[in-house]
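Participant: Here it is, the structure, as structure tokens.
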Amino acid sequence: MLLLLFKIIFALFSLSAILTVWQKKQKTLLGNKATFFWIVFWLALTLVVFWPNSTQILADYIGIGRGVDLVIYVSIACIFYLIFKMNLKIEGLKRDLTDVVRTESLESKK
Amino acid sequence: MFIAIVPAYNEEKRVGGVVKNLLSHVDKVVVVDDKSLDNTIFEAEKNGAFVLKHNINLGQGAALETGHEYARKFEADYVLHFDGDGQFVVDDIVPALNRLKETNSDILFGSRFLDDRTNLPFLKKYFILPIGRFVNKIFGVVPLKDSQNGFRILNKKALEKIVITQNRMAHATEIMGLTKEHNLKFVEFPVQVIYHEYGQGMSGGFKIVRDLIWGKFLK
């Protein structure tokens, strides 16, 4: 009973996350690739919560012993990828900031 | 027009003297103040420099590029990079400019290793700089004896081609990389460096490598 309740709450949470992603896409705050990634991500998570054995099928196919191991490996890979993307984003923002400061510096002397 | 670009951060004690000395060797001195917390701006202006101000501290590379932008607008014929802390000697400027012209080079890099005027700290000479040269080799830039020297002279062509995107100390390697990328003719010239402070240590070197790696992903 408790497990079913958890599954329902998670499904609602996942649905709300997907709706948020879609709204951000509509407002052009997210690109096509990012939208696709996050929707697939939340759907995959929901699949795993409702059918935990699905990870075992995939783990067997890839050759990893346990389904839970596969989930851990994929999670770590995803976290590293997201950190990498965030760092790139921060570096991009730094460059934008530099342009603003530089333009202001040159304009103020006109 | 020959413009000296002097990036400065908290250099109130030395920038005035640097500007005064420079003005007898170049047409204009542009001090780019990188959000100093002291009276750098006042001292620079008092001694005759044209001062550009960053409202946020961005780093030496960013300050140099701001100076580049200014020099491009004024169609400068030559641009000199000169540190604001008084570590370079103004007597090196005219011979260096002459060498650039004689050799028809686009960019001149100052070097501490072409004569024996500079007393390098032991660690810097035998440990940090060789590592710097190795890192530069990995990043495939022009091979220079002195990989981290801030004394440079650029002609108009080099000024157009060299757009610095590395805000902090990795700009030195970036400039060497852009020299190679744009097939600019370069020459090394002996300059003296007087150490008032130690300069970059190992942690600075690691930051440079980190910035260069991120820079590769952003291009």
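Participant: Among the residues of the range B:178-193, write down those that are surrounded by fewer than 21 Cβ atoms within 10 Å (Cβ to Cβ) and farther than 14 Å from residue B:105 by Cα.
Facilitator: B:178, B:181, B:190, B:192
Rundown of residues vs (1) in a helix (DSSP H, G or I); (2) β-branched (Val, Ile, Thr), yes/no style:
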site	(1), (2)
A:9	yes, yes
A:16	yes, no
A:29	no, no
A:39	yes, yes
A:45	yes, no
A:54	yes, no
A:76	yes, yes
A:79	yes, yes
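Participant: Quick check on my filter: what residues within the range A:25-40 are in contact with a helix residue (DSSP H, G or I) (Cβ under 9 Å, 6 or more places away or on another chain) and exposed (fewer than 15 other Cβ atoms within 10 Å of the Cβ)?
Facilitator: Those that are in contact with a helix residue (DSSP H, G or I) (Cβ under 9 Å, 6 or more places away or on another chain) and exposed (fewer than 15 other Cβ atoms within 10 Å of the Cβ): A:29, A:31, A:32, A:34.
Participant: Out of all the residues in the range B:36-77, which are part of a loop (DSSP other than H, G, I, E, B), at the interface with chain A (Cβ under 9 Å from one of its Cβ atoms) and over 16 Å from the mean Cα position of the chain (by Cα)?
Facilitator: Residues satisfying the conditions are B:54, B:55, B:56.
Participant: Is it the case that residue A:56 is more than 14 Å from chain B (Cβ to nearest Cβ), free of Cβ contacts under 8 Å to residues at least 40 places away in the same chain, loosely packed, with under 12 Cβ neighbours inside 10 Å and among the polar types (S, T, N, Q)?
Facilitator: So residue A:56 does not fit the description; no.
Participant: Can you run down the residue pairs with Cβ atoms below 7 Å, 6 or more apart or on separate chains, where the first is in the range B:152-178 and within 14 Å of chain A (Cβ to nearest Cβ) and more than 21 Å from residue B:209 (Cβ to Cβ) and the partner is charged (D, E, K, R) and outside any loop (DSSP other than H, G, I, E, B)?
Facilitator: Pairs found: B:163/B:65.
Participant: Find the residue count for the range A:91-108, including only residues that are facing chain B (nearest Cβ under 9 Å) and farther than 15 Å from residue B:63 by Cα.
Facilitator: 3
Participant: Out of curiosity, is residue B:35 more than 24 Å from residue B:187 (Cα to Cα) and free of Cβ contacts under 8 Å to residues at least 12 places away in the same chain?
Facilitator: no
Participant: From the list A:82, A:106, A:15, pick out the single residue that is closer than 29 Å to residue B:65 by Cα and surrounded by 11 or more Cβ atoms within 10 Å (Cβ to Cβ).
Facilitator: That would be A:106, the only listed residue that is closer than 29 Å to residue B:65 by Cα and surrounded by 11 or more Cβ atoms within 10 Å (Cβ to Cβ).
Participant: Those residues that are in contact with a Gly (Cβ under 8 Å, 6 or more places away or on another chain) and modelled with pLDDT of 90 or more, I need them from the range B:131-169; list them, please.
Facilitator: Across the range B:131-169, the qualifying residues are B:150, B:151, B:152, B:164, B:165, B:166, B:167.
Participant: Next up: Considering only residues of the range B:19-35 that are part of a helix (DSSP H, G or I) and more than 20 Å from residue A:109 (Cβ to Cβ), which is nearest to the other protein chains (Cβ to nearest Cβ)?
Facilitator: B:20
Participant: Which one of these does residue B:209 not meet: (1) more than 14 Å from chain A (Cβ to nearest Cβ); (2) assigned to a helix (DSSP H, G or I); (3) loosely packed, with under 15 Cβ neighbours inside 10 Å; (4) modelled with pLDDT under 75?
Facilitator: Only one criterion is unmet by residue B:209, namely (3).
Participant: Being of a type in the set (S, T, N, Q) and either in contact with a Gly (Cβ under 9 Å, 6 or more places away or on another chain) or closer than 19 Å to residue B:86 by Cα (or both) is the filter; apply it to the range B:103-130 and report the residue that is modelled with the highest pLDDT.
Facilitator: Among those residues, the one meeting the criterion is B:111.
Participant: Moving on. In the range B:11-20, which residues are within 17 Å of the chain's Cα centre (by Cα) and surrounded by fewer than 22 Cβ atoms within 10 Å (Cβ to Cβ)?
Facilitator: Scanning the range B:11-20 gives a single hit, B:14.
Participant: Out of curiosity, is residue B:150 of a type in the set (Gly, Ala, Ser) and either in contact with a strand residue (DSSP E or B) (Cβ under 9 Å, 6 or more places away or on another chain) or surrounded by fewer than 20 Cβ atoms within 10 Å (Cβ to Cβ) (or both)?
Facilitator: For residue B:150, the condition - of a type in the set (Gly, Ala, Ser) and either in contact with a strand residue (DSSP E or B) (Cβ under 9 Å, 6 or more places away or on another chain) or surrounded by fewer than 20 Cβ atoms within 10 Å (Cβ to Cβ) (or both) - is met.
The values are calculated or read from the model by the stated rules, or taken from the named source; none is laboratory data. Being a predicted model, the structure only gives us computed values, none of them experimental. Cβ atoms come from the backbone with ideal geometry, glycine included; neighbour counts cover every protein chain shown.
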